[in-house]
1. Give me the residue from the stretch 175-185 that is farther than 15 Å from residue 210 by Cβ and either buried (at least 19 other Cβ atoms within 10 Å of the Cβ) or outside the structural domain of residue 160 (by TED's automatic domain parsing) (or both) and, out of that set, farthest from the chain's Cα centre (by Cα).
2. For residues that are in a loop (DSSP other than H, G, I, E, B) and at pLDDT below 95, scanning just the stretch 176-210, find the one that is nearest to residue 90 (Cα to Cα).
3. Hey, residue 147 hits all of (1) crowded, with 18+ Cβ neighbours inside 10 Å; (2) in contact with a strand residue (DSSP E or B) (Cβ under 8 Å, 6 or more places away or on another chain); (3) not in a loop (DSSP other than H, G, I, E, B) but one; which does it fall short on?
4. For the stretch 171-203, what are the residues that are out of contact with any helix residue (DSSP H, G or I) (no Cβ under 9 Å at 6 or more places or on another chain) and without any contact (Cβ under 8 Å) to a residue 40 or more places away in the chain?
5. Does the stretch 131-152 include one or more residues that are under 20 Å from residue 180 (Cα atoms) and in contact (Cβ under 8 Å) with a residue 60 or more places away in the chain?
6. Being in contact with a helix residue (DSSP H, G or I) (Cβ under 9 Å, 6 or more places away or on another chain) and either assigned by TED's automatic domain parsing to the domain that holds residue 82 or modelled with pLDDT of 95 or more (or both) narrows it down to one residue among 143, 124; which is it?
């Protein structure tokens, strides 16, 4: 009789323990889920707040990632730079025109040699919805100004003294010429040797003008 009573007591005791353990496991699981959700929301809100406070600190890589692409064509990254005439020029405001964007520096001998070639392109197509933007990347704009006094420019010379735009376009080699179509997409990137091939470059420009 005593043995039966002990057995029944032990079984009830074990059942009670099992129920309590299940309850404890449920509570711990709920706590873990709650902490995880709170942490995730906290990080999200913190990151959002930082971006709202410092919107100008977005990296160039993030800017590039935000630009749209269409049919494997890269939309030209927008920028606003001051010209040698003191006017601010915004790339997107030239939408509807074929645009040639050239990067150069005063210390780049090859760039200086290309001035006459680029001017020939500009004079030939300036009356056909064609724009040429020549971007100087010298840290000291006075160096560019001294060089510009020796040459005449009918197209805008823009100053990228902090090289933000040249880095955005990954223009590490000079000179580099980007040809942008009327919809604002980069269609061709030409290096020094390609810029010199006037017949080929003119054919490409005319192709974009006729689209």
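1. If we take residues in the stretch 175-185 being farther than 15 Å from residue 210 by Cβ and either buried (at least 19 other Cβ atoms within 10 Å of the Cβ) or outside the structural domain of residue 160 (by TED's automatic domain parsing) (or both), then 175 is farthest from the chain's Cα centre (by Cα).
2. Of everything passing the filter in the stretch 176-210, 191 is nearest to residue 90 (Cα to Cα).
3. Looking at each condition in turn, residue 147 falls short on (2).
4. Correct list: 189, 191, 193, 197, 199, 203.
5. Looking through the stretch 131-152, none of the residues is under 20 Å from residue 180 (Cα atoms) and in contact (Cβ under 8 Å) with a residue 60 or more places away in the chain.
6. 124
Residue-wise test of (1) modelled with pLDDT under 50; (2) surrounded by fewer than 15 Cβ atoms within 10 Å (Cβ to Cβ); (3) in a strand (DSSP E or B).
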| residue | (1), (2), (3) |
| --- | --- |
| 43 | yes, yes, no |
| 47 | yes, yes, no |
| 52 | yes, yes, no |
| 82 | no, no, yes |
| 86 | no, yes, no |
| 89 | no, no, yes |
| 103 | no, no, yes |
| 106 | no, no, no |
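The values are calculated or read from the model by the stated rules, or taken from the named source; none is laboratory data. None of the values given here were measured: they were computed from a predicted structure. Glycine also receives a Cβ, built like all others from the backbone with ideal geometry; neighbour counts cover every protein chain displayed.
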